[in-house]
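Written below as structure tokens is the structure these notes are about.
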Amino acid sequence: MATADEIIAARGELTREQLIPLLQEIQEAEGFVSQAAMSRLAEALRTPVSRVYGVATFYNQFRFAPLGEHVIQVCRGTACHVKESLALAQHLKRRLKLRDDGSSADGRFTIISVACLGACSIAPVIKLDGEFYGHLTVERLDALLDEVEAGAEAAA
Amino acid sequence: MSITINGKEIDVAANETVLQTARRAGIDIPHLCSLDWAPSPSASCRLCVVEVEGLPRLQTSCSLEARDGMSVQTHTPRILKARRAILELLIASHPQDCLTCVRAGGCELAVLAGDLGVRERRYVGAVKEHPIDISSPSLWRDPNKCVLCGRCVTMCHSVQGIGAIDFVGRGFQTRVAPGFSVGLNVSDCVYCGQCARVCPTGAIVERSHVEGVVAALADPDTVVVAQVAPAVPATLLERRTKTQDVHTMLERLAGALKHVGFDAVFDTSFAADVTVMEEATELLERIQDNGVLPMFTSCSPAWVHFVETHRPDLIPHLSTCKSPQQMAGALIKEIYPAYAGLGDKRLVVVSIMPCTAKKFEAQEQTGVDYVLTTRELDALWGRFGVDLAHFAEPAPLDAPFAQASGAGRLFAGSGGVMEAAVRTAHKLVTGHELEGGPRVNEARGSEGARHFTIAAAGVDLNLAVVNGLGRLQETLDDLLAGDPPVHFVEVMSCPGGCVGGGGQPYDTDGDAVHERLERLYDADKRSSLRTSHDNADVRALYEDVLGRPLGEVAHRLLHREYVDRRPAVDSVSV
């Protein structure tokens, strides 16, 4: 997969209008936007690093830390909220000892809060590594996590 | 072309905004985000809204071009109500520590609240809990006091061309911060302090040295001396002081400083005269020995910091001269204890400067213990009950550095170092003074970059004066590639030079900078001593202590080295 440096180099002559598409492309390739990548971008665009960082932090779509092995998207849309998705989110935070960057203390899990996953009929819903899991309760969520962790141990 | 404001017809200039037209007519429309220093307003604070005939909605006057025939109302009940609501929302999440805030008594936001009749908090918003950044030796930031007007960002990006800080995040979490939210001390910041000078609240302020100075003054075993930069008296004349003479003001300031306990007061312009001797000699030596040219001045610490952190490849171009502040500090520490018979007493040197970057400089070098900005002086007067406007007990400047030339005074303004250096360089090269008098018109003015040539003994000296770091970065390539080659470049970091410095009063505008420059020109014109090399105290100093310019002792006391301060790894990948 292309690195940030290669992505920037491939563009040739750069203008500041390309900042957001480049940030998106770098995140696509590397899973997140690193400080190193933002510094390179600032250099290439001849713009202060504070501006690159300012633009990147304005948008929810950009991540500044790498994704864990397992990615859990927690739906916090209206339907899921009514079905108490907050309890799920809070439980994940406690159980996985989430850091400020949204990943678990051991870095294996990354939790992303999403406004709506488009599966309201099975609310509250999460998406774990691309699979939907609906009608969740804290107990069912725990069982799911136990399974993922056991699976990882079995594989090891 | 004219517009009507509140029923009165007022002529408008080309490309003028309604806000500007109104101000010329003596009508003050409140505003936070727009700044005289930068042309394009963000129109984000909304306080400057006005009614325009024919337009249903309120318009922001800072971004509204005054067009012929326009009819504007600036203070109708509808407008006043809107402005009040805007301000109430602006302060809804503002901390309530106004009594103990560093801006207490002089807060622009508090003044606005009074002007707009906000006398209670109708809305109580969430409390901001951003970390306070005290990492910088020059500037402290408290983002919780920030109203996000963006003036600091405008100064940093559009005027100074540095861009160390910008808006970060979104919504209620929005704050102004350096890239990656690091501390200012490891950001792109060069400590010029232009952000602090325009901040309407206490969100960015100089790192205060007042308590250190007060403690030193209270210690009987410590002798405390001050050195005062020439920009300071040129500025204090704005305070109802009943004199318009820089030297008279300086002597009054010396009197007030001695009244609060300073043992001696020196004029940093004296050290500027010494700087001229060293720098002019260095320039001529570089020209003679095919040294690195152009040589850039090194008086402005934010510029020096810019070179060390952004362009270390330019280090060989920087004059090795310390700044006048540091020359003065070194000379005072070397000479004064024996001269004044201080014995075992500790000597503390306090500089009074128009500058925040000087605080960083003082921390990096020996010679100066504390730096007070022009603004911090007010805290000192307040502590000791000095009313500077009425304080009439002048004191002469102290020996052995009592005399300063008009040339040394000019260091406070853009072009002044160049003018002083040209006067002396001409004498050093040709053996006689400038023909047609000491005034060097070409160095004066307010343009961003001024190029000129002075002929001296068959040599054409190609010179340039650059006003402000923003302009510097635009012209740097031309200066380095100059054809014919440029010999000497004066760089001052702040617009207008030190008189527009980051430690100067909050109400500094373009007019104030201009008036301060005029006072310095006037002080020079009326001085009987116009050239650094004719300063008797400077001559005595060379005879008794320094030997010759660039000599061994001068080298040890008055010159310095520079460091490449770029981070070893340019960024940490998290």
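Couple of notes before you dig in:
- Matching residues in the stretch A:22-37 - criterion: being open to solvent by 30 Å² or more (accessible area, probe 1.4 Å) and within 12 Å of another protein chain (Cβ to nearest Cβ): A:Glu30, A:Gln35
To keep it simple, each residue is scored yes or no on (1) within 15 Å of B:Ala231 (Cβ to Cβ); (2) assigned by TED's automatic domain parsing to the domain that holds B:Val228; (3) open to solvent by less than 20 Å² (accessible area, probe 1.4 Å).
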| site | (1), (2), (3) |
| --- | --- |
| B:Thr475 | no, yes, yes |
| B:Asp478 | no, yes, no |
| B:His487 | no, yes, no |
| B:Gly497 | yes, yes, yes |
| B:Pro505 | yes, yes, yes |
| B:Glu515 | yes, yes, no |
| B:Lys525 | no, yes, no |
| B:Ser532 | no, yes, yes |
| B:Asn535 | no, yes, yes |
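- Segments classed as helices (runs of 4 or more DSSP H), wholly inside the stretch B:351-459, with at least 2 members that are touching a residue at least 60 places away in the same chain (Cβ under 8 Å), touching a Gly at 6+ places or on another chain (Cβ under 7 Å) and open to solvent by less than 10 Å² (accessible area, probe 1.4 Å): B:416-430
- Meets criteria (within 14 Å of chain A (Cβ to nearest Cβ), over 25 Å from B:Asp507 (Cα atoms), surrounded by fewer than 21 Cβ atoms within 10 Å (Cβ to Cβ) and not hydrophobic (A, V, I, L, M, F, W, C)) for B:Gly169: yes
- From the list A:Ala89, A:Ala79, the one residue that fits, being within 21 Å of B:Phe172 (Cβ to Cβ), in contact (Cβ under 8 Å) with a residue 12 or more places away in the chain and crowded, with 16+ Cβ neighbours inside 10 Å, is A:Ala89.
- Considering B:Val190, B:Val182, the condition of being crowded, with 19+ Cβ neighbours inside 10 Å, under 17 Å from the mean Cα position of the chain (by Cα), within 14 Å of another protein chain (Cβ to nearest Cβ) and more than 23 Å from B:Val350 (Cβ to Cβ) is satisfied by B:Val190 alone.
- Filter pass, B:Ser158 being among the polar types (S, T, N, Q), under 30 Å from B:Met492 (Cα atoms) and crowded, with 19+ Cβ neighbours inside 10 Å: no
- Flag for B:Asp524 being among the acidic types (Asp, Glu) and either outside any loop (DSSP other than H, G, I, E, B) or modelled with pLDDT of 95 or more (or both): yes
- Residues in the stretch A:1-34 that are over 19 Å from the mean Cα position of the chain (by Cα), of a type outside the set (Ser, Thr, Tyr) and in a loop (DSSP other than H, G, I, E, B): A:Ala2, A:Arg11, A:Gly12, A:Glu13, A:Leu14.
- Flag for B:Tyr562 being touching a residue at least 40 places away in the same chain (Cβ under 8 Å) and part of a loop (DSSP other than H, G, I, E, B): yes
- The set of residues from the stretch A:38-66 being facing chain B (nearest Cβ under 8 Å), within 22 Å of B:His310 (Cβ to Cβ) and not in a loop (DSSP other than H, G, I, E, B) comprises A:Met38, A:Ser39, A:Ala42, A:Val49, A:Ser50, A:Arg51, A:Val52, A:Tyr53, A:Gly54.
- Counting only residues that are free of Cβ contacts under 8 Å to residues at least 60 places away in the same chain and part of a loop (DSSP other than H, G, I, E, B), the stretch B:156-198 holds 9 of them.
- The stretch A:110-122 residues that are polar (S, T, N, Q), paired with ones that are open to solvent by 50 Å² or more (accessible area, probe 1.4 Å) (beta carbon under 6 Å, 6 or more apart): A:Thr110/A:Leu67; A:Ser113/A:Arg76
- For B:Phe167, the test of being more than 29 Å from B:Ala272 (Cβ to Cβ) and out of contact with any helix residue (DSSP H, G or I) (no Cβ under 7 Å at 6 or more places or on another chain) is failed.
- When the stretch B:129-149 is limited to residues that are of a type in the set (S, T, N, Q) and in a loop (DSSP other than H, G, I, E, B), the one that is farthest from B:Phe172 (Cα to Cα) turns out to be B:Ser138.
The values are calculated or read from the model by the stated rules, or taken from the named source; none is laboratory data. All values derive from a computational prediction rather than experimental measurement. All Cβ positions, even for glycine, are placed from backbone atoms using ideal geometry, and neighbour counts span all protein chains on display. In case anyone asks, the SASA skips ligands and DNA or RNA and just uses the protein heavy atoms, side chains included. Shrake-Rupley method; radii C 1.70, N 1.55, O 1.52, S 1.80 Å.
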